[in-house]
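Before any comments, here is the structure.
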Amino acid sequence: MPLRLEPMQPARDKDAITRTLSLAFASPAEGVREWMSNAGDDNFRVLTDGTTPLATLLRIPMGQFFVGRRIPMLGIAGVAVAPEHRGAGHAKTMMRHAMVQAAAEGWPLAGLFASTHTLYRAVGFEHAGYRFQYSIPIVRIDVRDALGNIVPISDADMPRVHACYAAFAAKHNGSLDRGQYIWNRIRTHRDDVFHGFAVHSDARELEGYLFLAQKRRPDGRQDLTLSDIAFTTPVAGRRLWSLLADFSPMGEELTFFGGPTHPALELLQQQRHRVELRDTWLLRVLDVRRALEARAYPSALQAELHLDIHDDLIPANHGRFMLRVDQGTGSARQGGHGTLRLSARGLAALYSGFLSPHQAKQLGELDAPDDACDHAAGFFAASTPWMSDMF
């Protein structure tokens with residue numbers, strides 16, 4: 001019987017899927033059940049032969065900011081195959097079904113963090129951005145700024161926190177437009193509870209915030225981890241640093257996440273932090289026309305770009321497309337000269353700004369004359385894509 005990817009039916013599938021996820025991620029079944037409850041049963045998909053759940057994945061509806069504009073993006077997580085069914089290509093089959101279904105639903109993009117990049121590249125995903133970890137001794141925080149009032153964040157404050165984050169994230173290429181699943185992880189993740197603090201201006205506007213968790217060391221001192229930090233004014237950013245510096249009497253190390261750099265780091269007087277690459281996230285263009293039209297472009301650009309895309313999974317994406325840009329907005333249609341020949345993977349890396357056209361050509365993901373690459377670079381110019389979240 002042909003394999004199908006279906007919404008999970010809890011009465012039929014949930015026990016088997018709990019077991020599969022528990023064995024895939026070495027997590028206790030109780031923790032898996034709690035995670036599934038937080039994610040929502042409706043968001044799980046099951047690969048089945050009609051009688052047996054063979055594999056599963058989680059869909060996370062959200063968005064992603066590129067060049068200041070929010071684009072709908074379907075996150076994929078929790079990809080797992082039952083141990084007794086591994087080695088038969090079920091993960092790839094499941095991902096192919098998942099991408100075709102998401103494209104049919106109208107999603108422009110899909111994104112994920114990969115445990116094995118080979119699998120996801122085989123279905124059209126490509127590296128598209130970074131997630132770095134920063135560490136700094138708390139005693140080395142050299143900002144002491146008392147302007148702005150620090151207040152604990154309550155549930156009633158969360159709409160204003162969301163608005164502050166959206167204003168911050170829209171300025172950073174690749175940042176998520178979070179759904180509730182991601183926001184829940186900002187406040188509680190596994191055994192960590194993150195305490196929120198906001199900066200209010202004299203007019204009681206929320207101009208910045210952070211969420212921190214404390215971990216006690218054997219000697220009684222503590223490390224701090226931030227699940228999130230965002231601000232809309234430099235005054236608020238410095239006040240948040242001052243709040244963190246106030247933990248120095250008992251604090252040792254501060255850890256948080258972002259891109260190759262983070263706006264908060266630029267507010268420090270001295271750069272005494274360490275940076276470590278933790279993850280490279282991947283992107284898949286599911287609907288070429290919608291994705292090209294949803295993205296923002298340089299406002300001064302008025303030009304056409306002719307693409308010839310190879311996509312062996314989603315037929316509607318395969319072939320020639322012409323992108324016309326005017327005053328920062330793009331319109332796309334099938335046809336054109338096909339000057340830039342590229343794979344679905346190459347398009348994903350180009351789209352996010354992870355690779356320039358010349359770099360994609362160097363890696364064999366794009367084929368075009370150098371002058372055509374120069375021309376295309378003007379369309380996809382963007383700051384380095386990154387996100388602080390993990391999903």
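Residues in segment 268-279 carry Karplus couplings, in order, of 6, 6, 10, 8, 10, 8, 10, 10, 9, 6, 9, 8 Hz; the curve used is 6.51 cos²θ - 1.76 cosθ + 1.60 with θ = phi - 60°, and Gly or Pro positions show x. Each 10 Å bin, from zero up to the one with the longest distance, holds this percent of the alpha carbon pairs of segment 27-83: 20, 42, 25, 11, 2.
Hey, what D do you get for segment 287-380 in µm²/s if you plug the Kirkwood alpha-carbon radius into Stokes-Einstein at 37 °C and 0.692 mPa s? This corresponds to a translational diffusion coefficient of 254 µm²/s. Put simply, the amide H of residue 303, placed in the peptide plane, has neighbours under 5 Å in 325, leaving out anything fewer than 5 places away on its chain.
Kindly identify segment 173-277 as rounded, prolate or oblate by the Cα gyration tensor criterion: order the square roots of the eigenvalues as a ≥ b ≥ c, call it rounded if a/c is under 1.5, otherwise compare a/b with b/c, prolate if a/b is larger, else oblate. Judged from the Cα gyration tensor, segment 173-277 comes out rounded (a/c under 1.5). Only lysines eight or more places from residue 14 in sequence, or on another chain, were considered; those with a Cα closer than 29 Å are 92. Summed over qualifying helices (DSSP H, 4 residues or more, each -39500 (n - 2.57)) and divided by its residue number, the chain shows a 222 nm mean residue ellipticity of -8500 deg cm²/dmol.
Of 108, 357, 152, the residue with the greatest mean-square motion in the GNM of the chain, using alpha carbon springs below 10 Å, is 152. The trypsin sites (Lys or Arg not before Pro) of segment 195-233 that DSSP puts in a loop, and whose beta carbon has at most 12 other beta carbons within 10 Å, are 204.
Run the Debye formula on the Cα coordinates of the chain, all scatterers equal and no solvent, and tell me log10 I(q)/I(0) at q = 0.13 1/Å. Reported log10 I(q)/I(0), two decimals: -1.14. Hey, how many Å between the Cα centroid of segment 12-70 and the Cα centroid of segment 224-283? Here the answer is 31 Å between Cα centres. The residue among 262, 201, 179 whose Cα reaches farthest toward the positive pole of the charge dipole of segment 132-280, with charges on the beta-carbon of Lys, Arg, Asp and Glu, is 262.
Under 5 Å between amide hydrogens, built in the peptide plane, is the criterion, and for residue 281 it picks out 128, 129, 130, 131 among residues at least 5 positions away or on other chains.
Evaluated at q = 0.14, 0.23 Å⁻¹, a Debye calculation over the C-alpha positions of segment 117-192 (equal weights, vacuum) places log10 I(q)/I(0) at -0.81, -1.30. Of the peptides 70-76, 118-124, the ranking by mean beta-carbon count within 10 Å, highest at the top, reads 70-76, 118-124.
Note on the chain: GNM, Cα springs under 10 Å; of 67, 151, 325, the largest mean-square fluctuation is that of 151.
Every number here is computed from the coordinates shown, using simple stated rules; none is lab data. All values reported here derive from a predicted model rather than from experimental measurement. Neighbour counts run over all protein chains shown; Cβ positions are idealised from the backbone, glycine included.
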